[in-house]
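Enquirer: My questions will all concern the structure given below.
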Amino acid sequence: MKQEISVSRLKTYTSLMLLVVWMLFMVAIVWLARLFQPNRAKELLPIFHRGVLKCLNLNCIVEGIPITGRPTLYISNHISYFDIFVLGSVIPGTCIAKSEVAKWPLFGQLAKLQDTLFIERKSHKVGNQIQQIQKHLVNENNLVLFPEGTSSIGTYVAPFHSGLFQAAKSEQYDITIQPITIAYTHYKDEAMDRRTRDYYAWYKPRKIVPHFLNGLGLGRAQVKLICHEPVKFMSFESRKDLARYCETVVRQGLLQALDMDREVKPT
């Protein structure tokens, strides 16, 4: 039986108007905080993200304890750009994003406001990327890494690329790694089916603007954030072992959250 779902245009327009007002208000507050109380500006970002989730009618359920100390590198699966707001509402950190995201309409500007670390995802620049990540972790803020390198339909975890895990290895700085699972689980108190989850999952070649507008017109939904036990690089023989461990833990968390016994991949 297919899940009943419809996009309310009235709710889309209302939520969009509220979102624009909320964004303008929070952007002004954050800029003022940066001018007069720089150390407090980062504390406002979770409030901003929670407000966005309200506009999207998304309720975030947190399982486990998010690490708040610095420097911490969070390792997460990636389903949608909505993940940014979900993670930002809970953890004290910002995301690592590919450089082209900076050029996206609206989302690029919001990413810059949050001090997102933009990197060029080219294999011959991995060494420079690792240095950028370590420098940001130590001097700026905690970071979220999406090692799949792309988003998915939300029912499986793609293989983790291990290259940037090397950034967690440092003799000088005690960097913590925390795996995190994101799962879009329920719509109007019913477990999401594939068709419903597609309103939240974003992947190519879907267009971001109509997808986002549809998201504003949906009913209440639930997303689960599972914060797994933190680990240290020194507990593993190599970055590849660390990446495999995080991939396994995150995958198990997704299957558990969706109450599935195996991954469902696109056909």
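Enquirer: Would region 196-204 turn up any residue that is assigned to a strand (DSSP E or B) and crowded, with 18+ Cβ neighbours inside 10 Å?
Expert: no
Enquirer: Quick one: in region 134-190, of everything that is farther than 18 Å from residue 237 by Cβ and of a type in the set (Lys, Arg), which residue is surrounded by the most Cβ atoms within 10 Å (Cβ to Cβ)?
Expert: The residue in question is 188.
Enquirer: Got a sec? Which strands (runs of 3 or more DSSP E) wholly within region 47-107 have at least 2 residues that are polar (S, T, N, Q), on the phi < 0 side of the Ramachandran plot and at pLDDT 95 or above?
Expert: Per the criteria, 72-76.
Enquirer: Within region 85-111, restricting attention to residues that are without any contact (Cβ under 8 Å) to a residue 40 or more places away in the chain and over 22 Å from residue 134 (Cβ atoms), which residue is farthest from the chain's Cα centre (by Cα)?
Expert: It comes out as 103.
Enquirer: Still on this structure, please answer the following. Checking residue 9 against (1) in contact with a helix residue (DSSP H, G or I) (Cβ under 6 Å, 6 or more places away or on another chain); (2) exposed (fewer than 14 other Cβ atoms within 10 Å of the Cβ): exactly one of these is not met. Which one?
Expert: Condition not satisfied by residue 9: (1).
Enquirer: So, one more: Quick one: is residue 173 part of a loop (DSSP other than H, G, I, E, B), in contact (Cβ under 8 Å) with a residue 40 or more places away in the chain and within 23 Å of residue 68 (Cβ to Cβ)?
Expert: yes
Enquirer: Considering only residues that are under 17 Å from the mean Cα position of the chain (by Cα), more than 13 Å from residue 137 (Cβ to Cβ) and not polar (S, T, N, Q), which ones fall in region 166-196?
Expert: Residues satisfying the conditions are 179, 180, 182, 183, 184.
Enquirer: Next question, about the same structure. Return the pairs, sorted by first residue and then second, in which the second residue is charged (D, E, K, R) and modelled with pLDDT of 95 or more, the first residue lies in region 249-267 and is under 20 Å from residue 222 (Cβ atoms), the beta carbons are less than 6 Å apart, and the residues are 6+ apart or on different chains.
Expert: 257/224
Enquirer: Can you tell me how many residues in region 229-267 are under 19 Å from the mean Cα position of the chain (by Cα) and in a loop (DSSP other than H, G, I, E, B)?
Expert: Selection size over region 229-267: 3.
For (1) farther than 28 Å from residue 206 by Cα; (2) in contact with a strand residue (DSSP E or B) (Cβ under 6 Å, 6 or more places away or on another chain); (3) among the acidic types (Asp, Glu), each residue gets a yes or a no:
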| site | (1), (2), (3) |
| --- | --- |
| 68 | yes, no, no |
| 93 | no, yes, no |
| 101 | no, no, no |
| 130 | yes, no, no |
| 138 | yes, no, no |
| 142 | yes, yes, no |
| 157 | no, no, no |
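Enquirer: Could you list, in sequence order, all residues of region 8-46 that are over 19 Å from residue 215 (Cβ atoms) and outside any helix (DSSP H, G or I)?
Expert: 37 - this is the single residue of region 8-46 that is over 19 Å from residue 215 (Cβ atoms) and outside any helix (DSSP H, G or I).
Enquirer: Ok, one more. Counting only residues that are of a type in the set (Ser, Thr, Tyr) and either touching a strand residue (DSSP E or B) at 6+ places or on another chain (Cβ under 7 Å) or at pLDDT 80 or above (or both), how many does region 116-128 have?
Expert: 1
Enquirer: Across region 213-228, what is the number of residues that are touching a Phe, Trp or Tyr at 6+ places or on another chain (Cβ under 8 Å) and either on the phi > 0 side of the Ramachandran plot or in a helix (DSSP H, G or I) (or both)?
Expert: Result for region 213-228: 2.
The values are calculated or read from the model by the stated rules, or taken from the named source; none is laboratory data. Only a predicted model underlies this, so the values are computations on that prediction, with no experimental measurement involved. Positions of Cβ are backbone-derived with ideal geometry, glycine not excepted, and every protein chain shown enters the neighbour counts.
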